[in-house]
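Okay, structure first, notes after.
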Amino acid sequence: QVQLVESGGGLVQAGGSLRLSCAVSGRTISRDAMGWFRQAPGKEREFVSTISWSNGNSYYATSVKGRFTISKDNAKNTAYLQMNNLKPEDTAVYYCAADPLGYGASTATSYDYWGQGTQVTVSS
């Protein structure tokens, strides 16, 4: 059974940093694209970032570009999202997801496996 477990969320002041982790078990993510999405209260789930296995590139939503960095450690079977200069509008539940095809996409339907989410709250 494939499981994705996010951790690292919490409460932080605006301008602060958090590092989210997504530990995967039940499959090897070395050839997966890994993505991060978020959902704020009353809003739809939105794309944050993805890292592609097929070309090694990473992609970001415009709202987080320059502040967030996605990475993955294949040896640890874990993906990460480093979030710097956090803003109150970054407050949301953050989800990681795995795409076995490895392309990396901004659409949630491209991902087969999802974590349960971790709460990030940024105070002003």
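The values are calculated or read from the model by the stated rules, or taken from the named source; none is laboratory data. Not measured: the values here are computed from a predicted model. All Cβ positions, glycine included, derive from the backbone under ideal geometry; neighbour counts span all protein chains shown. Calculation scope for accessible area: heavy atoms of the full protein, side chains included, ligands and nucleic acids excluded. Shrake-Rupley method; radii C 1.70, N 1.55, O 1.52, S 1.80 Å.
Of everything in the stretch 51-80 that is without any contact (Cβ under 8 Å) to a residue 12 or more places away in the chain and under 20 Å from Val2 (Cβ atoms), the residue that is least open to solvent (accessible area, probe 1.4 Å) is Asp73.
Scanning the stretch 74-107 for residues being among the small types (Gly, Ala, Ser) and more than 20 Å from Ser25 (Cα to Cα) gives a total of 3.
Say whether the condition of being more than 13 Å from the chain's Cα centre (by Cα) and within 18 Å of Ala108 (Cα to Cα) is met by at least one residue in the stretch 65-73. Checked the stretch 65-73: no residue is more than 13 Å from the chain's Cα centre (by Cα) and within 18 Å of Ala108 (Cα to Cα).
Each row is one residue, and each column tells you yes or no for (1) open to solvent by 60 Å² or more (accessible area, probe 1.4 Å); (2) more than 17 Å from the chain's Cα centre (by Cα); (3) in contact (Cβ under 8 Å) with a residue 60 or more places away in the chain.
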{"position": "Leu4", "(1), (2), (3)": "no, no, yes"}
{"position": "Gly15", "(1), (2), (3)": "no, yes, yes"}
{"position": "Leu20", "(1), (2), (3)": "no, no, yes"}
{"position": "Val24", "(1), (2), (3)": "no, no, yes"}
{"position": "Arg31", "(1), (2), (3)": "yes, no, yes"}
{"position": "Phe37", "(1), (2), (3)": "no, no, yes"}
{"position": "Gly42", "(1), (2), (3)": "yes, yes, no"}
{"position": "Ser49", "(1), (2), (3)": "no, no, no"}
